[in-house]
Amino acid sequence: MSFLNLITHYSLPITIFFAYLLDLILGDPRWLPHPVRWIGRYISFLEDKIRRFATPPAPPLIKGGGREEKIGGVFLFIIIVGTVFGAAWFLLYLAYQLSAISYQLLAVFIAYVSLSIKSLKDEALSVAYAVENISIEEARKRLKNIVGRDTENLYKGEIYRAVTETVAENTSDGIIAPLFYLALGGPALALAYKAVNTLDSMVGYKNERYKNLGWFSARMDDIANFIPARITAILMVFASFILRFNWRNSLKIIWRDARKHPSPNAGFPEAAVAGALGLQLGGTNYYFGAPHHRPLIGAFRSQNGFTIKTVKDAVRITYLTAFLGAILAVLAAKLALS
């Protein structure tokens, strides 16, 4: 059995199955060395190096400015994603040289750390718990760990809206997209996708600091998530049907509102959740002190607004969507064998 056949065909269903189970059981424990944290440190390190050449003060041959920063952003993306993919592939190859078992163990570990099922649930419920049982200040602090918006002035309803939106969006970014790339090209490609996503979360802002350096990473993240976001929305409709939420309204809101979102992808899972739960997502958020007005997605079907039940129901949709996504990924990997 060749290494290429092993990594792309024979072991993929096993890898996906055990990675999914591991993530459900372990999540993202702080004691476990996590490659995504290393990727984040690598991005920060390389960003600093690139900025020395792309922004003033700069060597005479490269004068600072938007064009140079944009070129630097392209190199940042290529180096980070290329290094991550190459390192994962090389380590898997070395493990294969030792034994098929050592390869399988490493493949499961890499696939497992590319998923964020349990950690997404834990973070979301942690914020909700703080709102109900500790303090608004503590909830704002915990919320800051999972959203990019300013949280200092958010109150109960806005905190729950932020959690619901990030649970919906990260169902695609943190679960279905990694499963998609895992089924498509194995653990190395799944980890490379996580590098793309981490780049976007760190440098993909449209503020003064990152609008040039991060433009390429943001664009590539949009491309990488285009198909997974739409798969996520479809799976969420099925999950809503099984959980007896309003799956018809979910489908309606996806069709009507998903493209209103400024992101070409985030609107799809958000619209699916908004429709299923009878919510209205979007509105005004603040980033680095500046207001950003997002189109409204969905409509309220009750007078309760956002509550802790909203968050718990969104998490239920996420968990079932992850299960359906894992089944789909395993079937796709098995189909490659035929």
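The values are calculated or read from the model by the stated rules, or taken from the named source; none is laboratory data. Small disclaimer: the values here were computed from a predicted structure and weren't measured. Heads up, the Cβs are rebuilt from the backbone with ideal geometry, glycines too, and the neighbour counts pull from every protein chain shown. Side chains included, ligands, DNA and RNA excluded: accessible areas come from the protein's heavy atoms. Shrake-Rupley method; radii C 1.70, N 1.55, O 1.52, S 1.80 Å.
Each residue in region 92-108 was checked for being in a helix (DSSP H, G or I) and either touching a strand residue (DSSP E or B) at 6+ places or on another chain (Cβ under 9 Å) or surrounded by fewer than 17 Cβ atoms within 10 Å (Cβ to Cβ) (or both), and 8 of them qualify. Checked against (1) closer than 24 Å to Ala124 by Cβ; (2) part of a helix (DSSP H, G or I), Ala192 passes all but a single condition, namely (1).
Please find, among Thr166, Thr151, the residue that is assigned to a helix (DSSP H, G or I) and either closer than 27 Å to Leu76 by Cβ or β-branched (Val, Ile, Thr) (or both).
Working: Thr151 fails: assigned to a helix (DSSP H, G or I).
Checking each option against the conditions leaves just Thr166.
State yes or no: is Asn197 open to solvent by 20 Å² or more (accessible area, probe 1.4 Å), among the polar types (S, T, N, Q) and part of a loop (DSSP other than H, G, I, E, B)? No: the conditions fail for Asn197.
Could you tell me which numbered condition Lys206 fails, if it satisfies all but one of (1) more than 30 Å from Ala19 (Cβ to Cβ); (2) out of contact with any Lys or Arg (no Cβ under 9 Å at 6 or more places or on another chain); (3) crowded, with 16+ Cβ neighbours inside 10 Å? The single condition Lys206 does not satisfy is (3).
Name the single residue, out of those in region 138-148 being surrounded by 11 or more Cβ atoms within 10 Å (Cβ to Cβ) and either assigned to a loop (DSSP other than H, G, I, E, B) or without any contact (Cβ under 8 Å) to a residue 12 or more places away in the chain (or both), that is farthest from the chain's Cα centre (by Cα). Checking each candidate, the answer is Glu138. For Val84, indicate whether it is open to solvent by less than 30 Å² (accessible area, probe 1.4 Å), touching a strand residue (DSSP E or B) at 6+ places or on another chain (Cβ under 9 Å), touching a residue at least 12 places away in the same chain (Cβ under 8 Å) and within 30 Å of Ser217 (Cβ to Cβ). Here the answer is no, as Val84 does not meet what is asked.
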